[in-house]
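The values are calculated or read from the model by the stated rules, or taken from the named source; none is laboratory data. Note that the structure is a prediction, hence the values are computed from the model and not measured. Please note: Cβ atoms are built from the backbone with ideal geometry, for glycine as well, and neighbour counts cover all protein chains shown.
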Amino acid sequence: MKPKGWGQQGGARPTVFLRAVAVLAAMLLVTAPSECRSAQEAEMEEFVKNGDFSQVEEGKPAGWVTIGDPEYVTQELVTADEGGDPCAKLVCTRCEGGQRRQYAVLAQVGQLRLEEGRLYVLACRMRAEAMDELTVRVSIGDAERRRSSGLRVDLPVTGSWSEYRLPFAAARAIRETGRLQFAIAEPATLYLDDVRLVAIDPDQIVFTHVVPPGSGKNLLPNGSFELGKIGWSAVGRDIAWGNLDRLHGRVERSGGADGRRFLRIPLGAREGPTLYWDYYDPVVRTLRRMLAANLGWIRVDPGQPYTLSCDMRASVPGVTAVLGVRAQDPRGAGTPRAQDLRHEVRLTSEWQRHSFTFRP
Ligand SMILES: [Ca+2]
């Protein structure tokens, strides 16, 4: 989440105080598609041929091919045996840069049949050897028209087998010219197995990582920070990159507008949070805006009015803050209700109630 205007005005060194009975950034509507699972998924239609790589033709996986520019890429696809279980092994020994970034690609062409707007899950297992970037680009698209199906993601891989599960809504229909591909951009070895692409029924989706409803009217737990930082984060979900993977600032024990405690986020100059990041180039950057977001999705009724409100004040009058919610829809990104809703406010040095009414 990238809230706009959440930071300082001018060159002063303000401190933003945030006292939320609601929040600064709430995550709304039931679901993160990557966190959902369909009970009947296993019974759904399969679209990938020889996804378990049990069919072998002349030492190579049947139904699978390699794609790449031979001027820049040298690669070979074979069937490997991992403890009695056959899998695909893509060995890339040369991957040189041309005008464009070059890839060694393991692909299945012409088997897929996707309907526009329908929900699918692509699942597979992967591991890699001698890979520096530890990244595999997985995508489904129309190769002839060079258009994505809506699935195009860089997945982290390691030397050990990992399972992957990628729910997505098809952005367009995919027919005979469709291509499912796993691409690497360096000399390395990729192992792939148990590739499955199934259609899922939105009505069968069970959502997880949901905030359970409380006894009161407020849908946000610990909105007053009386329990400290419990239930809060910097980006609204658990992440494993950068040094700002948790809620910045501290919970003060007295002086709150509701109860005793409140969240204080220092921003600006030396007091501000610093992002350290090393992918690809080393970055040390003082941040001038910072987010406090609740953990977990909150179930809401689409189209109904909801109000996000909180008490805020700043050490310097005129500081801009933003109240916001992120809405998600079971059908995934790109649907009308999957959106970020923002409301910008100006703070004074006194506690003041700010509210934002919206219809998700
Ligand atoms: Ca297998």
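Listed values, structure above:
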{"quantity": "Boolean, G214 is touching a Pro at 6+ places or on another chain (Cβ under 8 Å) and without any contact (Cβ under 8 Å) to a residue 40 or more places away in the chain", "calculated": "yes"}
{"quantity": "Residue match in the stretch 128-141 (condition: modelled with pLDDT under 90 and touching a Phe, Trp or Tyr at 6+ places or on another chain (Cβ under 8 Å))", "calculated": "no"}
{"quantity": "Residue check, C95 surrounded by 14 or more Cβ atoms within 10 Å (Cβ to Cβ), within 23 Å of S162 (Cα to Cα) and not aliphatic (A, V, I, L, M)", "calculated": "no"}
{"quantity": "Filter result for V121 (assigned to a strand (DSSP E or B), away from the ligand (no atom under 16 Å from the Cβ) and either touching a helix residue (DSSP H, G or I) at 6+ places or on another chain (Cβ under 8 Å) or within 24 Å of P167 (Cβ to Cβ) (or both))", "calculated": "yes"}
{"quantity": "Among the residues listed as V235, V210, the single one being more than 16 Å from the ligand (Cβ to nearest atom), out of contact with any Asp or Glu (no Cβ under 8 Å at 6 or more places or on another chain), modelled with pLDDT under 95 and not basic (K, R)", "calculated": "V210"}
{"quantity": "Residues (over 22 Å from the mean Cα position of the chain (by Cα) and at positive phi) located in the stretch 284-334", "calculated": "G303, G318"}
{"quantity": "Output for the stretch 181-195, where each listed residue is under 21 Å from the mean Cα position of the chain (by Cα) and either over 29 Å from T93 (Cβ atoms) or more than 16 Å from the ligand (Cβ to nearest atom) (or both)", "calculated": "Q181, A183, I184"}
{"quantity": "All positions within the stretch 190-209 that are out of contact with any Gly (no Cβ under 6 Å at 6 or more places or on another chain) and crowded, with 18+ Cβ neighbours inside 10 Å", "calculated": "L190, Y191, L192, D193, L197, V198, A199, I200, I205"}
{"quantity": "Which listed residue, of V198, V138, V157, V153, is more than 20 Å from the chain's Cα centre (by Cα), more than 16 Å from the ligand (Cβ to nearest atom) and touching a residue at least 12 places away in the same chain (Cβ under 8 Å)", "calculated": "V198"}
{"quantity": "Qualifying residues in the stretch 255-281 (those that are at pLDDT 90 or above and farther than 21 Å from P317 by Cα) - the one surrounded by the most Cβ atoms within 10 Å (Cβ to Cβ)", "calculated": "R261"}
{"quantity": "Selection from the stretch 160-180 of residues that are under 18 Å from the mean Cα position of the chain (by Cα) and buried (at least 17 other Cβ atoms within 10 Å of the Cβ)", "calculated": "Y164, L166, P167, F168, A169, A170, A171"}
{"quantity": "Matching strands (runs of 3 or more DSSP E) fully within the stretch 26-97 where at least 2 residues are within 16 Å of the ligand (Cβ to nearest atom), at pLDDT 95 or above and not assigned by TED's automatic domain parsing to the domain that holds P213", "calculated": "73-82, 85-95"}
{"quantity": "Meets criteria (closer than 26 Å to H248 by Cβ, more than 16 Å from the ligand (Cβ to nearest atom) and at pLDDT below 95) for S215", "calculated": "no"}
{"quantity": "Which listed residue is under 23 Å from G236 (Cα atoms) and either assigned by TED's automatic domain parsing to the domain that holds L220 or among the acidic types (D, E) (or both), from S309, S349", "calculated": "S309"}
{"quantity": "Which numbered condition S162 misses (of (1) closer than 17 Å to R113 by Cα; (2) among the small types (G, A, S); (3) within 16 Å of the ligand (Cβ to nearest atom))", "calculated": "(1)"}
{"quantity": "Checking A104 against (1) within 29 Å of the chain's Cα centre (by Cα); (2) within 16 Å of the ligand (Cβ to nearest atom); (3) modelled with pLDDT of 95 or more, the condition it does not meet", "calculated": "(2)"}
{"quantity": "Some residue of the stretch 173-193 being of a type in the set (D, E) and at pLDDT below 90", "calculated": "yes"}
{"quantity": "Filter result for the condition that a residue is more than 22 Å from E344 (Cα to Cα), assigned by TED's automatic domain parsing to the domain that holds F225 and not in a loop (DSSP other than H, G, I, E, B), over R285, R260", "calculated": "R285"}
